[in-house]
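Working notes, beginning with the structure itself.
The values are calculated or read from the model by the stated rules, or taken from the named source; none is laboratory data. The model shown is predicted, which means the values in this text are computed figures rather than measured ones. Methodologically, a virtual Cβ is constructed for each residue, glycine included, from the backbone with ideal geometry; neighbour enumeration extends over all protein chains shown. Accessible surface is based on the protein model in full, side chains and every heavy atom, while ligands, DNA and RNA are left aside. Shrake-Rupley method; radii C 1.70, N 1.55, O 1.52, S 1.80 Å.
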Amino acid sequence: MQLTFLGTSAMVPTKERNHSAVLVSYGSEGILIDCGEGTQRQIKIAGIKPSKVTKILISHWHGDHVLGIPGLIQTLAKNEYDRVLEIYGPKGTKNRMKNMFKAFSFEDKIETRIHEITKKRFFEGKDFFLEALPLEHGITTLGFSFIEKDKRRIRLDAVRKLGIPEGPLLGKLQSGNAITFKGKKITPEETTYLVKGKKITFIADTIECKNALELAMDSDILVCEATYADDLKEKAEEYKHMTSKQAGLLANQAKVKKLILTHFSQRYKTMEEIENDAKNVFSNTICAYDFMKIKI
Ligand SMILES: [Zn+2]
Ligand SMILES: [Zn+2]
């Protein structure tokens, strides 16, 4: 699994930082979380094919999180994208997408399926879940969690001792089923172990709220907006954003392993102040930058 930060600026992009977008690459899935203006080009610069995107999760309909969607779709159509692009967003997303398609002349189209999220666990795949909860940002905004399912692995010493050969019998044990081998029942408990799946949470634009804590709880990685440093706490409150210290406190409370800050106001030329404010309360903190890749 890999996270690629494609844009790490807030409302206004800078020379170094584009608008919000993070790509979660997991097997054949490419889950794009937000798609600010210019995201398709950021994807290319990061060395990833835009056609790798399979899902777009929209946190909210502020321009810095969605203006890249039409451009990306236009490119996918030109490149003969041959699957259905799944788009998930808050209530109102269907109508907004329809209006967006009306606003431009799209010659080529791709097939899209648009989902308005109405429940916490809104997607279950073979290997992972996706969850969302509303945040508090003045317009309907969602935070997201990517939750990998636990994986069962074979205990090689145990199966060797029992003499079970490689092949379908091991496959059965790995999927959690008992087998009969040489007339003896063998259970998955004695021959396998569980590896805990990873959890990554993305807290987009919001003030501190209890849903952010609920989503972030026990995450391996928390990606959290930190538009301002602590001295601009009042401004953060006014514009309904978080400070980096508040993100650090959230990471602490939610017992996450690592905090990655993003969505910085254009006023910050270096990240020192933002990073230090968070690190004072949660030491395992880093600031994201465009094209930063994290392998998990
Ligand atoms: Zn924003
Ligand atoms: Zn916003």
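Does region 222-235 contain any residue that is of a type in the set (A, V, I, L, M), within 16 Å of ligand 1 (Cβ to nearest atom) and open to solvent by 40 Å² or more (accessible area, probe 1.4 Å)?
Yes: one or more hits.
In the set GLN266, GLN246, which member is in contact with a helix residue (DSSP H, G or I) (Cβ under 8 Å, 6 or more places away or on another chain) and in the same structural domain as GLY38 (by TED's automatic domain parsing)?
Being in contact with a helix residue (DSSP H, G or I) (Cβ under 8 Å, 6 or more places away or on another chain) and in the same structural domain as GLY38 (by TED's automatic domain parsing) holds for just one of GLN266, GLN246, which is GLN246.
Applying the selection to region 274-296, what residues are touching a Ser or Thr at 6+ places or on another chain (Cβ under 8 Å) and among the charged types (D, E, K, R)?
Those that are touching a Ser or Thr at 6+ places or on another chain (Cβ under 8 Å) and among the charged types (D, E, K, R): GLU275, ASP277, LYS279, ASP290, LYS293.
Confirm whether LYS255 is touching a residue at least 24 places away in the same chain (Cβ under 8 Å), surrounded by fewer than 18 Cβ atoms within 10 Å (Cβ to Cβ), in the same structural domain as GLY143 (by TED's automatic domain parsing) and within 13 Å of ligand 2 (Cβ to nearest atom).
no
Restricting to region 263-296, name every residue that is of a type outside the set (Gly, Ala, Ser) and open to solvent by less than 20 Å² (accessible area, probe 1.4 Å).
Within region 263-296, HIS263, PHE264, ILE274, THR285, CYS287, ASP290, MET292 qualify.
Can you find a residue in region 4-11 that is in the same structural domain as HIS263 (by TED's automatic domain parsing), open to solvent by 10 Å² or more (accessible area, probe 1.4 Å) and free of Cβ contacts under 8 Å to residues at least 40 places away in the same chain?
No.
Listed residues LEU222, LEU215; which is out of contact with any Lys or Arg (no Cβ under 8 Å at 6 or more places or on another chain), away from ligand 2 (no atom under 16 Å from the Cβ) and touching a residue at least 12 places away in the same chain (Cβ under 8 Å)?
Details: LEU222 fails: out of contact with any Lys or Arg (no Cβ under 8 Å at 6 or more places or on another chain).
Exactly one of LEU222, LEU215 is out of contact with any Lys or Arg (no Cβ under 8 Å at 6 or more places or on another chain), away from ligand 2 (no atom under 16 Å from the Cβ) and touching a residue at least 12 places away in the same chain (Cβ under 8 Å), namely LEU215.
Is it the case that region 155-168 has a residue that's of a type in the set (Asp, Glu) and either surrounded by 17 or more Cβ atoms within 10 Å (Cβ to Cβ) or within 16 Å of ligand 2 (Cβ to nearest atom) (or both)?
No.
Which members of region 12-29 meet the condition of being crowded, with 21+ Cβ neighbours inside 10 Å and more than 14 Å from ligand 2 (Cβ to nearest atom)?
Correct list: ARG17, ASN18, VAL22, LEU23, VAL24.
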